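Colleague: Pasting in a structure now, in structure tokens, and then I'll have a few things to ask.
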Amino acid sequence: MYEQAKDYILKIPFWARRKNTLEQVKDFLRELENPEESLSVIHVAGTNGKGSVCADLTSILREAGYQVGTFVSPHLIDIRERFLINGELAAEADFEDCFRQVLSVTKKMIKQGYCHPTFFEFVFLMAMVLFTRKKTEYVILETGLGGRLDTTNVIARPIGCIITSVSLDHTKYLGDTIPEIAAEKAGIIKAGVPVIYDNHDPSASKVIGMQAEKMGSPAFPVGEMDVTEEDKAFFAAPYQAMNATLAKKALQVLNIPKADKAVCQRGLKKVYWPGRMEEVAPDIWLDGAHNPGGIEAFIQAVHGQLSGKKKNIQLLFAAVEDKDYREMIHLLCKALPLERVTVVHLRSDRGLKEQILAEQFEREGCEVVESCETVSQALEVALSHKTKEDRLYVVGSLYLIGEIKELLRGSPLGDGIRMRG
């Protein structure tokens, strides 16, 4: 039954022409007896860094001894990566039970004229049922897209809101400017509920600060000056240290019992967040950067890693069609001395053809670019050219990271590498 449940969910369209409004999603929750009302939710939005902040919060709260539910997206390999209990995949039996409960309500609501829930609505409803059933003391809830109109924004009274870095992404849906996108993210701020936010971009901070003031919500900006030297030294990428600082600040602001400095540091040392500046083998790194802002953070991390080291850079790259792949490629070619680039077409229907990507890299001045039709072929090609003097970075899409991690399972390269699920 678990496999049937999983197959049913994965066949639900990710993007639907017709979908339920937030008020209608609330009707589904009412039919499920409002499981969300018993949950202490920390709501997380932002363009980049949401998942890392969620992982940091989860690990720290676990270290403090709490029962924690975490809802994140996307999944890389196993759909249960979206439903974590104490940082681990939800059990198949729990997944199946929650699926049955949501499906039963769905059938009833469709008869009353409601739309079938979209993929994201369905898994969100399942998560609320699951976390209530498992009696979680805290829930870390990541938005899917934006914030103001996101399904997760049906949570009426979170205990705190976090907004990570804001940059241009999903412009078709969220707006063409940083202030417009920041306004969508700030839509999760609830009256009187504290908001902790990344203060790097002044235009985004202004919008978030104004919305917090409008809602009477205490606002806590976090900037580079707040990041400790200890965190900078501990994390592989500067953006990871910044995300950890946001998580620690949130727990401090929310006055979570037992989450003191020592617990925070122990929790952060145990964080595992796959595909975000993750070294899966010597000198082979995966990073899920998939928009210009994420690529800029990735480049900063690479510069930090290679400072004073003689290493050539190989790149394995893919992208989906609704991302600004031209700007991502421009940034990569401008900032990094790329020895060789391998581009590939993703398994996703949204994946850009490898020829399009190759031509863009060549326009930007890359001399050695190789195209592959499948990720398995691309990984084989990239590894065949890698020497001890090279670092291979896999970047451009979380779908790419998922396919790579799937390939590594059970392979000689993947032996001994920790894989979620």
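The values are calculated or read from the model by the stated rules, or taken from the named source; none is laboratory data. This structure is a prediction, so every number in the text was calculated from the model and none was measured. Counting neighbours? That spans all protein chains shown, and the Cβs are built from the backbone with ideal geometry, glycine included. What goes into the accessible areas is simple: the full protein's heavy atoms, side chains included, and nothing from ligands, DNA or RNA. Shrake-Rupley method; radii C 1.70, N 1.55, O 1.52, S 1.80 Å.
Colleague: Give the residue that is nearest to A219 (Cα to Cα), with candidates limited to residues of the range 236-261 that are free of Cβ contacts under 8 Å to residues at least 40 places away in the same chain and open to solvent by 30 Å² or more (accessible area, probe 1.4 Å).
Modeller: Looking at the filtered set, the residue picked out is Q252.
To keep it simple, each residue is scored yes or no on (1) closer than 26 Å to P292 by Cα; (2) at pLDDT below 90; (3) of a type outside the set (A, V, I, L, M, F, W, C).
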position	(1), (2), (3)
G351	yes, yes, yes
E359	yes, no, yes
E364	yes, no, yes
E370	yes, no, yes
V394	yes, no, no
I404	yes, no, no
S411	no, yes, yes
R418	no, yes, yes
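Colleague: Can you work out which of the residues in the range 363-386 that are farther than 11 Å from Q314 by Cβ, among the charged types (D, E, K, R) and not in a helix (DSSP H, G or I) is most open to solvent (accessible area, probe 1.4 Å)?
Modeller: It comes out as E367.
To keep it simple, each residue is scored yes or no on (1) more than 18 Å from G294 (Cβ to Cβ); (2) open to solvent by 70 Å² or more (accessible area, probe 1.4 Å); (3) among the aliphatic types (A, V, I, L, M).
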position: Y325; (1), (2), (3): no, no, no
position: I329; (1), (2), (3): no, no, yes
position: L336; (1), (2), (3): no, no, yes
position: K388; (1), (2), (3): yes, yes, no
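Colleague: Going by the structure shown, is V123 touching a Phe, Trp or Tyr at 6+ places or on another chain (Cβ under 7 Å), part of a helix (DSSP H, G or I), at pLDDT 95 or above and aliphatic (A, V, I, L, M)?
Modeller: In short, no.
Colleague: Sticking with this one: K334 fails exactly one of the following numbered conditions: (1) over 30 Å from Q377 (Cα atoms); (2) part of a helix (DSSP H, G or I). What is the number of that condition?
Modeller: (1)
Colleague: Out of curiosity, is G192 at pLDDT 95 or above, small (G, A, S) and in a helix (DSSP H, G or I)?
Modeller: No; evaluated as a whole, the condition is false for this residue.
Colleague: Those residues that are more than 20 Å from L398 (Cβ to Cβ) and open to solvent by 10 Å² or more (accessible area, probe 1.4 Å), I need them from the range 108-122; list them, please.
Modeller: Residues satisfying the conditions are K108, I110, K111, Q112, G113, Y114, C115, H116.
Conditions (1) at pLDDT 90 or above; (2) open to solvent by 20 Å² or more (accessible area, probe 1.4 Å); (3) aliphatic (A, V, I, L, M); (4) under 30 Å from E137 (Cβ atoms), marked per residue:
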| site | (1), (2), (3), (4) |
| --- | --- |
| E213 | yes, yes, no, no |
| K232 | no, yes, no, no |
| V263 | yes, no, yes, yes |
| F298 | yes, no, no, no |
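Colleague: Additional query: So, of the residues in the range 300-323 that are open to solvent by 30 Å² or more (accessible area, probe 1.4 Å) and at pLDDT 85 or above, which turns out to be farthest from the chain's Cα centre (by Cα)?
Modeller: N312
Colleague: Shifting gears a bit: Which ones in the range 252-299 are among the basic types (K, R) and over 21 Å from the mean Cα position of the chain (by Cα)?
Modeller: K258, K261, R266
Colleague: Exactly one condition in (1) in a loop (DSSP other than H, G, I, E, B); (2) of a type outside the set (V, I, T); (3) within 30 Å of V394 (Cβ to Cβ) is false for K248; which is it?
Modeller: Unmet condition: (1).
Colleague: Identify the single condition in (1) out of contact with any Cys (no Cβ under 8 Å at 6 or more places or on another chain); (2) at pLDDT 95 or above that R133 does not satisfy, given that it satisfies every other one.
Modeller: Going through (1) out of contact with any Cys (no Cβ under 8 Å at 6 or more places or on another chain); (2) at pLDDT 95 or above one by one, R133 breaks only (1).
Colleague: In the range 15-56, how many are among the hydrophobic types (A, V, I, L, M, F, W, C), within 24 Å of the chain's Cα centre (by Cα) and under 22 Å from Q101 (Cβ atoms)?
Modeller: Summing the residues that are among the hydrophobic types (A, V, I, L, M, F, W, C), within 24 Å of the chain's Cα centre (by Cα) and under 22 Å from Q101 (Cβ atoms) in the range 15-56 gives 5.
Colleague: Take the residues of the range 303-339 that are of a type in the set (A, V, I, L, M, F, W, C) and in contact with a Lys or Arg (Cβ under 8 Å, 6 or more places away or on another chain): which is nearest to A233 (Cα to Cα)?
Modeller: Only one residue tops the list, namely L306.
Colleague: Does the range 102-111 include one or more residues that are touching a helix residue (DSSP H, G or I) at 6+ places or on another chain (Cβ under 7 Å) and polar (S, T, N, Q)?
Modeller: no
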